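> Starting off with a structure, shown below.
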Amino acid sequence: MLIVITGPAGSGKSTVSRELAKRLDKSACIDVDRVKDFIVNTFIYGKAPEGVWQWKLLGKNIGLLAKNYLESGLETIIEGYISRDAWMEVYKYVKPDYEFLLLPTRNVTINRDLARVENERMGEEIVATHHEHFSTEPIFDRFIKIDSSDEEVDITVQKILDRIF
């Protein structure tokens with residue numbers, strides 16, 4: 001089974017994904033940010049040709065990792081934020097069984113970002129932009145949306161488990 005968990009900064013993607021992985025018998029969790037960090041000389045987030053190429057390469061690598069884990073018999077979770085172009089590359093290699101969008105309110109995501117260690121904060125403007133992206137980008141229309149604003153991690157994880165089992 002392949003599960004995707006995405007959402008804006010501060011939505012709880014990493015925390016929920018790690019906890020979900022612990023509750024599955026045999027699992028692998030692909031952290032998009034870690035794969036993104038394979039590109040050593042700064043990942044390009046914009047629409048410049050080099051940035052588009054990097055997003056597509058990231059999607060291909062995530063898709064291939066997920067395919068390998070699935071073929072090895074592991075329940076696999078892809079966790080993180082990637083561009084639409086990257087998702088299209090992922091889908092060339094694997095088809096998710098479940099796609100979840102964690103989407104707490106804008107203010108909650110901003111406050112969660114503020115609670116992070118200073119060097120890990122993204123800043124209010126970027127967090128607000130991410131929230132807007134996840135609220136309006138058509139690719140996420142098919143995702144199962146979970147408002148994790150006022151929920152403990154265990155409750156969000158249980159909602160996901162209830163949907164997949």
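> Using the heavy atoms of the protein chains and a 1.4 angstrom probe, tell me the accessible area per residue for the range 15-165 in square angstrom.
So the range 15-165 comes to 59 Å² accessible per residue, rounded to a whole number.
> Amide H neighbours of Ser149 under 5 Å, counting only residues 5+ apart in sequence or on other chains, H built in-plane at 1.01 Å?
When sequence neighbours closer than 5 places are left aside, the close amide H contacts are Thr105.
> Would you mind getting the Kirkwood hydrodynamic radius of the range 92-165 from its Cα pairs, rounded to one decimal in Å?
13.8 Å
> For the range 41-114, place one equal point scatterer on every Cα, skip the solvent, and apply the Debye formula. What is log10 of I(q)/I(0) at q = 0.12 Å⁻¹?
Taken in order of the listed q values, log10 I(q)/I(0) reads -0.43.
> Mind pulling the per residue volume of the convex hull built on the Cα atoms of the chain? Å³ is fine.
114 Å³
> Another question about this same structure. Report, by chain and number, residues whose modeled amide H sits under 5 Å from the one on Cys29, excluding near sequence neighbours (fewer than 5 apart, same chain).
Ile77
> In whole Hz and in residue order, list the ³J(HN,Hα) couplings for the range 149-158 that follow from phi through the Karplus curve 6.51 cos²θ - 1.76 cosθ + 1.60, θ = phi - 60°; x for Gly and Pro.
My calculation for the range 149-158 gives 4, 10, 9, 6, 4, 4, 5, 5, 4, 5 Hz in order.
> Once amide H atoms are built 1.01 Å from N in the peptide plane, which residues 5 or more positions from Ile144, or in another chain, come under 5 Å H to H?
Glu99, Phe100, Leu101
> Cα centroid distance between the range 94-160 and the range 1-34, in Å?
12 Å
> How much of the accessible area of the chain, in percent, comes from carbon and sulfur atoms when a 1.4 Å probe is used?
49 percent
> Further question: For the range 83-135, just list the percent of Cα-Cα distances falling in each 10 Å bin from zero outward, please.
All Cα pairs, binned at 10 Å, distribute as 21, 39, 29, 11 percent.
> Send over the Kirkwood Rh of the range 1-72, from the inverse of the averaged 1/r over different Cα pairs, rounded to one decimal Å.
That comes to 13.7 Å for the range 1-72.
The values are calculated or read from the model by the stated rules, or taken from the named source; none is laboratory data. Keep in mind that this is a model prediction, so the values were computed, not measured. Heavy atoms of the whole protein, side chains included, go into the accessibility calculation; ligands, DNA and RNA do not. Shrake-Rupley method; radii C 1.70, N 1.55, O 1.52, S 1.80 Å.
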